[in-house]
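Worksheet: the structure to be examined is printed underneath.
The values are calculated or read from the model by the stated rules, or taken from the named source; none is laboratory data. Remember, it's a predicted structure, so these values are computed and weren't measured experimentally. Quick reminder, even Gly has a Cβ in these numbers, built from the backbone with ideal geometry, and neighbours come from all protein chains shown. Only protein heavy atoms, including side chains, enter the accessible area calculation; ligands, DNA and RNA are left aside. Shrake-Rupley method; radii C 1.70, N 1.55, O 1.52, S 1.80 Å.
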Amino acid sequence: MSTSGVEPEHAPAVGGTRRLGAGPAPFAGLIESGLRYFLAVAQAGSITEASEQLHVAGSAISRQIARLEHEIGVPLFERHPRGMVPSEAGIRLAGFVQRNMMDIEQVVGEIRRLPGGRRSQVRLVAAEGFAWDLLPEAIASFRRDHPEVDFSLHVTSSTAASEHVRDGKADIAVTFSLAPIKGISVEYSQREYVHAVVNARHPLAQRSSVSLAELLPYALAIVDEGTTVRQLFDVCCSAEQLSFEPVFETDYCGALYTFTKFADAVTLTGYLPVRRRLATDGLVAIPLSDQGMHRRYLQIQSMAGRSLPPAAGDFVTHLVQRVQAP
């Protein structure tokens, strides 16, 4: 909304999917109202939507933002007919306020747990494959030495996992990445090679490596669009002029894995998510020889500019050890 009283409609939000007022953030009242209103508008893209989320009159939000801009001395938004886009100063301030809100949530949460002993919570978000074995095992082994630490885990797509951390919805993301992401700090990174997974009866099971072109004669089961594996697969197939007709597509990797156990089909996945269960389930992971399929990285991510709480930092160290374990 401009100071003239004309309220623009929706513009692209900063910080992805987080909506401060979609249920007020815990302890948000400890942040001065002008900053809370500013952050809500920066994330929503308009005063109208921020007003609906916060249940606060748009005129009150507009006055607080105008006062904040006057005190700081620079515009925090670019006003457009379809919404409000944070200026460079606004982007920097939004990141600062978000980090401080997360720190307040962490400290107040620990204080509230004091009567029963000092407890902490680590909020995790991850791509699906990491929720099968890696993270549950790492959480269980970490809590044997740190029983005072509680965990929450949200499973989503690789892109959304990074957005959750950037927007302050989680402390740590365990995900796949194809390129650097603004607002994200990478705590750990390693190249994650894509493999073809088949059951032990499959004609390819004894191969030491295989190319995409060599998969053409066989039934293919693959994740649908929106995942890093599918993005790399589509780019490589286009570059090599390969045309596949998958027999099974889904957004749930677990279904592909189970389907491959019972059908003479091929699916594509990273090695780390399945390494613990291959032998038990009678499956084989064969490295792909196409270099274009190896351009993604496993990453442990946090919000840029934020120091992780001690419990979260300790868990990152523990998780890296589990990732690197044979």
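At-a-glance table
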| read-out | value |
| --- | --- |
| On Cα atoms only, tilt of 58-72 relative to the major axis of the chain in degrees | 80 |
| The range 241-257 residues near the modelled Glu225 label - backbone nitrogen below 12 Å, point 7 Å along Cα→Cβ | none |
| Estimated distance in nm for a label pair at His294 and Asp145, the labels positioned 7 Å out from Cα along Cα-to-Cβ | 3.3 |
| Local electrostatic count at Arg275 - Lys and Arg +1, Asp and Glu -1, tallied over other residues with Cβ under 12 Å | -1 |
| Debye log10 I(q)/I(0) for the chain, one point scatterer per Cα, at q = 0.09, 0.12 Å⁻¹ | -0.58, -0.90 |
| Per-peptide average of other Cβ atoms within 10 Å, ordering 48-57, 122-131 highest first | 122-131, 48-57 |
| Where a label projected 7 Å from the Cα of Asp133 along Cα→Cβ would reach, residues of the range 282-326 with amide N under 19 Å | 282-288, 298-299, 319-326 |
| Förster radius 22 Å - calculated FRET efficiency between Ala60 and Phe96, Cβ distance, rounded to 0.05 | 0.45 |
| Rg [Å, one decimal], Dmax [Å, integer] - the range 204-279, C-alpha atoms | 12.2, 34 |
| Where GluC sites (Glu not before Pro) fall in DSSP loop in the range 176-274, at most 12 other Cβ within 10 Å | Glu225 |
| Listed peptides 284-291, 73-80 by packing density, highest first (mean Cβ within 10 Å) | 284-291, 73-80 |
| Longest to shortest principal axis, alpha-carbon extents of the range 117-225, angstrom | 59, 34, 22 |
| Net charge of neighbours whose Cβ lies under 15 Å from the Cβ of Thr228, counting Lys and Arg as +1 and Asp and Glu as -1 | -4 |
| Beta bridge orientation in the range 168-326: antiparallel %, DSSP, nearest 5 | 75 |
| Charge context of Ser211, other residues only, Cβ under 11 angstrom, K/R +1, D/E -1 | -2 |
| Surface share of carbon and sulfur [accessible, 1.4 angstrom probe, percent] for the chain | 53 |
| Rounded, prolate or oblate (a/c below 1.5 giving rounded, otherwise prolate when a/b exceeds b/c) for the range 192-326 by Cα gyration tensor | prolate |
| Residue-normalised accessible area of the chain, expressed per residue, 1.4 Å probe, Å² | 46 |
| Linear extension gain, Ala304 paired with Arg207, 0.36 nm per residue minus alpha-carbon span | 30.7 nm |
| Interchain or long-range residues, amide H under 5 Å from Ile184's placed H | Ala304 |
| Share, in percent, of DSSP beta bridges within the chain that are antiparallel, nearest 5 | 60 |
| Cα gyration tensor, the range 184-246 - rounded (a/c under 1.5), prolate or oblate | oblate |
| Inter-label distance for Glu249 and His80, nm, one decimal - labels placed 7 Å from Cα along Cα-to-Cβ | 3.1 |
| Projected label distance in nm at Gln321 and Gln190, using a 7 Å step from Cα toward the beta-carbon | 1.5 |
| Gaussian network model of the chain, springs between alpha carbon atoms under 10 Å - residue of Lys169, Lys182, Lys261 with greatest fluctuation | Lys182 |
